[in-house]
1. Please compute the modelled spin-label separation between Glu26 and Ala482, points set 7 Å along Cα→Cβ, answer in nm with one decimal.
2. In the neighborhood of Ala409, defined by Cβ-to-Cβ distances under 12 Å, what is the net charge if each Lys or Arg adds +1 and each Asp or Glu adds -1?
3. Evaluate the distance, in nm, between pseudo-label points positioned 7 Å from the Cα of Thr52 and of Arg241 along their respective Cα→Cβ axes.
4. So for the chain, what are the equivalent ellipsoid semi-axes in whole Å, largest first, each being the square root of 5 times an eigenvalue of the Cα gyration tensor?
5. Using only the Cα atoms of the stretch 10-162, construct the convex hull and provide its projected area averaged over every direction, in square nanometres to one decimal.
6. Per residue of the stretch 377-383, in order, report the coupling 6.51 cos²θ - 1.76 cosθ + 1.60 (Karplus, θ = phi - 60°) as ³J(HN,Hα) in whole Hz, putting x for Gly and Pro.
7. Any idea what % of Cα-Cα pairs in the stretch 124-277 are farther than 18 Å?
8. Need the list of aspartates and glutamates near Lys335 for cross-linking: C-alpha distance under 14 angstrom, and skip anything on the same chain fewer than eight residues off.
Amino acid sequence: MFRLSSTLTPALLSASLVPAQYIGSEACRACHSAQFTSQSKTGHAHALAPATKGSPGQWAFGAGAVAITYVSQADEDGYIEHGLSYYASIRSMALTPGHASASDRRYRTFDPVASVLRCFRCHSTGPLTLGPRYSIQPSELGVRCESCHGPGEAHVKAAGSILNPGKLPAGQINEFCGTCHRKPPESGEETDWTNAWNTRHEPDYLSHATCFRKSGGALTCLTCHDPHQPLSQTAASYDKRCVGCHAVVRHRVAVAKQACVGCHMPQVQTGPHLRFTNHWIGVYENGSHLVPKRRIVKGLLPLQLAVPKGVSFSAPADPSSLRPLFEQALADHPKAPRSAADLGLFLKSVGQAAAAEAPLRKALELDLANSDPMLAADQENLASLLVSLGRQAEALELFMQAAGGSDSAVAARSYAGLAALDPARAESYYRSGLEAEERAAGKDHSQVAVFLNNLALALRQRGDNASAEPLLRRALAIQEKALGPDHAAVASTLNNLGSLLQSTGRLAEAERVERRALRIFEQKLGPESMELAITCSNLADLEWSKGDLSAAESFYRRALSIDESVYGPDHPEVAADLANLGLLLKETRKPARANPKPTH
């Protein structure tokens, strides 16, 4: 759908992103007047503007077709998101999403996760700069040409190559658009599908859809959305895309004549005045608009849509482009340990671990010289980074120092780090970490339950189930009270408790506990998640122990289909599932069927 005639290679994609080469969308108008004119009318183009006179803030985020949220600089250190936003549906102000009251919410400008800076980066085009009092200065307001195509100077001066996201494979387009619209989760992350607010993360939801995973790359964000045109508000325009692949549709039940997207991409109400389209294309039943019906489908692209090795690309709005702002803050305050720590933690957060070491060491040196109370946090931060760099011995020493500091929260995290690095002494470290966490957060905090779980697992490693069980039951009680009975963390503890009960021969209670975990994971994490696969494997083991080999086979096959769908057929988790299933089938004398259908 991108109509520029440029070509794109992976090398050009990363090499072209030089901030100094941004020239602004007006430079594109002469050669691409039609695209410039139509794109100027899109919501993207008006994603950021100075707030109009009489508005509560300095900056207006959002084009106004749906809502506008207001942001203002509070002081040199931070910005506030105002508690009231404008909603077009009521033509009035109401609570900003995520706010429990009309109170403003403050954010540090140089928070390492760069929440405010990332907001400005995605709602504007080109590099951000810092003005007086560290005010954030966008280069160009709104999402314009170079937000997607990258710096245009070379292209304009010498007709050189320019980035064309339309040439990327489907998975990479999803990642590219997800830079601002939220990428699919990385390995080890899961989405809470019961939280309607998450439906605004369109690339995440699309990546789970059978249509996307079965299309062989034919379905991407650009199939339905032309970035150069205003967003269509008519269902019929989207149905045309559906008909391209589904020319003949036979419904199993009678349906009223209506648009495809009305049923298969339902609108989800996320608040009194706001709703989003669910991009997890599927069959929705019984009034549910959050997770579609689980179906059996062959040959799905795995959920872990990793970018192929050796391919380096980043979108122009990638958070790593904010690095110069953090470096400027440190250059302006070379003796400020917090500026050094902010830079180091930011670099770590964007995957630049090697570059993060120097500023984190600088923060440590400055605080050590001043005997600053943040010294222990510096030690913990550097230790965590060194672990990611494979330097465990150095990390172990720093964690020990941080654990001995006066900050109980830092001590608790450091003891957890020590336990991971020194499994032989994990039990002792978890006990110390538990005590520190109880001092820091209180005995009934959900983080205490994490330590209780870890300590219980360490005790089980040496066969002390009797001591582990009360810890797991206490963790469960804490989580149910603090997080609610249907939280995913509750299900994880239920799994741990079920495994213990199973190993001690209490199969009936173990099954009740593990089936409850299964229901929670199905509800919270959807039909395909790592946790759900683990629970299915646990239940398969349990049913095997009970002698119900048919039920055990069913659970093993479900675990296998989930893992195959999540990771692909060649992953170690899939191999382990096949091994378990093979052993069971050998006992039942059934021929092994190695490739069950993946599920959706």
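Read the figures in this text as sums done on the coordinates, not as results from a lab. Not measured: the values here are computed from a predicted model. Cβ atoms come from the backbone with ideal geometry, glycine included; neighbour counts cover every protein chain shown.
1. My value for the distance between the label points is 5.5 nm.
2. -2
3. 3.1
4. Semi-axis lengths for the chain are 41, 35, 23 Å.
5. Mean orientational projected area (the stretch 10-162, Cα hull): 10.9 nm².
6. These are the phi-based 3J(HN,Hα) values: 5, 4, 5, 5, 4, 5, 4 Hz.
7. That tail contains 70 percent of the Cα-Cα pairs.
8. Cα-Cα hits under 14 Å: Glu327, Glu365, Asp367, Asp372.
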